[in-house]
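The values are calculated or read from the model by the stated rules, or taken from the named source; none is laboratory data. Values in this document were obtained by computation on a predicted structure and should not be read as measured data. Ideal geometry is used to build each Cβ from the backbone, glycine not excepted, and the neighbour counts take in all protein chains shown. With ligands, DNA and RNA removed, areas are computed over all heavy atoms of the protein, side chains included. Shrake-Rupley method; radii C 1.70, N 1.55, O 1.52, S 1.80 Å.
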Amino acid sequence: AGLASRVPTPEASDAFDADGAVVSSPTTDEAVERAGGAARVRARAASGSSSAFPRNGEARATERHELIRSRVVRLDEKSASSRYGFRDDSLVAATFATAEVVDMLRNWVAHALFVARLPVVAIVALDEATLETCANANTALFSERPRAENNFDAPIPEITCLDATRGFFQDADALSDLSSLKNGPLIGHRENKAVFNQIGIVKTRVLSALLHANVTTLMSDVDVVWLRDPTNYFASGELRRAHVAVSSDCVFGFEPNRPPTDAFGQKPSPNNAEFNTGVLLLRPTRETISFVERWTASQLATLLTNHEMNDQSHFNAVVNGANARRVEINAGDVFAWDDDVDEALLATIVGSDEASSSASSSLDTSRDKNARAVPESELFPEAHERGLRPRYYLAADYPNGEEENALGDGSEKRTRVALLPTGLFSNGHTFFVSRLAERSGVTPFAVHNTYQYSGTAGKIARFRENGLWAVDDASYYGVGDKGHATDRKFLLLKYDVPRFLADPANAAATPKGGTPHAHIELMTYQVNRVRDGLALAEALNRTLVMPPLLSTCDRWFNLLPNCTQGDATFPMLAPVDHAFLVFALDAFEGGGKYVEHAFFANRARFVARSYGRETKKEAHDEDGDDEEDETETETETETKAFGLGPVARLEFRAPSFAEDAFEKEKAPFRVPEDFKSVPGYEPLDKATERAINTVKRGSPRHFFVEFGSVAAEVVAALGGRNDARLLVAEQLRPGAFGGFGNAEADAAFRAKMTPLVHEWCCRKNGTVPHLPTPYGEEERYGEYERIR
């Protein structure tokens, strides 16, 4: 069901009093959801909105139907003198964007404003098109409108558009000379490393401008989604005294008592992973400003000579120094107390210390040294034990390999760096693969869509699979005027996976560098079912609902120890990019030929939000429990049945021959039913499931076709009843669907299908394919031919 509850939890604020001040009680543990665990999170996710656009009742109706307002601010000295219009105590949540990531930008803004409800949100526009989009955000970013009769008075959030276009940089022309789009706009294509590195320099210069203006900045990449407001968390414990806080590439949790090496030979310490600048908190201190200046200088030093180092690589280099001199603060310790340093914690180099003291007065600089000296292991024992507190470091502060500390010899002058825990600031592996957040029952503050294998298309697919994509509109969900269905028709697959393929034990025995033969067979088996689904969808003019994919082995960029990476457990729900090249799948036959496995759950939330009725109580949560009341909304949603129209079932008769591998040993793994016990899977919404179950055998909308039927025979069996908005194809085991009936058509379809399929990575000699079996050939499992 994903951690898409998208609603802050009351337990997350337990460590704070009513005014948001830190309560230094050793018995309070913030960011720990104590009641219900993953089951509670999953239940709350069911009432959340698949789309993060405002739900009915959340936006005020005006004549212009405003959802948000925008203001454009130039990053110049005049604006800097007024802190770019931000309040003194603001934590500014911002992202950088260029024109080619506008959909990602829509998603980022929607979650920041309407899910996490971050109070101050900004877009740093790197080109004119993005600046214009931001300035017209109410129409350019948000096209949906809640039903006017369901709206109530509510504040209209505001976006600040920070103008960081070419004119802001004196040497912009020199930078653009490196671009393949010479003298054109800065385009952030990661594949064009020279241009991508230019943008890294732009980023650090913008950050420097904000810091010089005394702006506390929470910068995140545009492929981040915010689920909760982390403001109070950043003000807690030792984290409030860090100059810089940054997310992690670590694929493990941060539990303090992990062994140095686990049972698979992995080293789980966060010290072994890079700092990831996808989520980055920068406080406007002298140390931070100096750090960012060195970060910029490090990038400029290699801009012409080393395109392999990007802004994140340089960040790590500056933290580590030439000889890896960053120092970890051991568990149970605190940052060394120093009166001068801590008095200047929020002082900037703008103006005198006296002038800056008023700007920092809003933050508690209490001299309660005893309270400050309490280690986090005692202050937040539960959160600490569960790996939900940061790790802390003193940066090397040796710029460009120089031996002398740029800020003096005392360690108290060095940059304090907090490494944010993966359990609360998730990366792409911990959230989408190992499901660390769901298994621990904690809703992260943010999710960064890293560690995937199909570029931007793969990131969008993962967001969709987990109900975190806010961009899809009514046409995507097959919804027309007044919530009625359009002519878009869908195909849902049901089939069994042999238990011997679903058993992870065989894959787990694979040595590092070996080929996980059982896993490759499992993926091939499922690729063949998707092959059947796409072929049937083509013959019946339908859109395939991608079946969930079962996995007994992770996928990685290099060799895997025993099929395992990080905290992954098996069998698991594999992201679609583990098996398919999503950008190719998206373009298949012109596009629009499939939707995600969570489509109907996402669709149900979309329709409930856009067309269902909600009461004032539901919209405003009058019971004060910080959760929307579910009963009435769910009832309205189910009675409308989402405008699906008729549902039909197509069953392939079981083969007449004797028991085969499916019936030998144990009961098979049923798709999708048995996925309900697999973390990350979101089942069909209740209305769709009920609509399917009402079509019984003997019903006019329950059809049988013989085992081995080809496309023309399936079309003939349905006759004029192919009008159902949803058709469920059942018992789709190997050989059940025979393809297109002639060798030429079968070969042509396989030629289209094969480029969609990814390869498994990695064994000692490279990758391993799991290609679809040609129609006319027998699918054979349990005797995988080893690849030499």
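Details
- Candidates Ala209, Ala194 - the one that is over 22 Å from the mean Cα position of the chain (by Cα), of a type in the set (Gly, Ala, Ser), more than 22 Å from Thr443 (Cα to Cα) and modelled with pLDDT under 90: Ala194
- Verdict on Val433 being over 13 Å from the mean Cα position of the chain (by Cα), among the β-branched types (Val, Ile, Thr) and open to solvent by less than 10 Å² (accessible area, probe 1.4 Å): no
- When restricted to residues that are among the aromatic types (Phe, Trp, Tyr) and farther than 17 Å from Leu424 by Cα, the range 243-283 contains 1.
- Residues of the range 214-263 satisfying the condition of being of a type in the set (Lys, Arg) and open to solvent by 10 Å² or more (accessible area, probe 1.4 Å): Arg240, Arg258
- Filtering the range 465-478 to residues that are surrounded by 23 or more Cβ atoms within 10 Å (Cβ to Cβ) and either over 22 Å from Leu544 (Cα atoms) or not hydroxyl-bearing (Ser, Thr, Tyr) (or both) leaves Glu465, Asn466, Gly467, Leu468, Trp469, Ala470, Gly478.
- A single entry from Glu713, Glu689, Glu682 fulfils the requirement of being acidic (Asp, Glu) and part of a loop (DSSP other than H, G, I, E, B): Glu682.
- Yes/no for Phe740 being in contact with a Ser or Thr (Cβ under 8 Å, 6 or more places away or on another chain) and open to solvent by 20 Å² or more (accessible area, probe 1.4 Å): no
- Note on the range 272-295: among residues that are of a type outside the set (A, V, I, L, M), part of a helix (DSSP H, G or I) and open to solvent by less than 60 Å² (accessible area, probe 1.4 Å), the one that is farthest from Val92 (Cα to Cα) is Arg294.
- Hits in the range 98-124 - residues which are part of a strand (DSSP E or B) and either β-branched (Val, Ile, Thr) or out of contact with any strand residue (DSSP E or B) (no Cβ under 6 Å at 6 or more places or on another chain) (or both): Val121, Ile123, Val124
- Residue among Met523, Met572 that alone is under 20 Å from Cys762 (Cβ atoms), surrounded by fewer than 23 Cβ atoms within 10 Å (Cβ to Cβ) and either in contact (Cβ under 8 Å) with a residue 40 or more places away in the chain or not β-branched (Val, Ile, Thr) (or both): Met572
- Looking across the range 658-679, the residues that are part of a loop (DSSP other than H, G, I, E, B), modelled with pLDDT of 90 or more and out of contact with any strand residue (DSSP E or B) (no Cβ under 6 Å at 6 or more places or on another chain) come down to Pro672, Pro679.
- Restricting Ala355, Ala347, Ala359 to those that are at pLDDT below 90 and part of a loop (DSSP other than H, G, I, E, B) reduces the list to Ala347.
- Number of the exception - Leu560 against (1) aliphatic (A, V, I, L, M); (2) open to solvent by 10 Å² or more (accessible area, probe 1.4 Å); (3) modelled with pLDDT under 95: (2)
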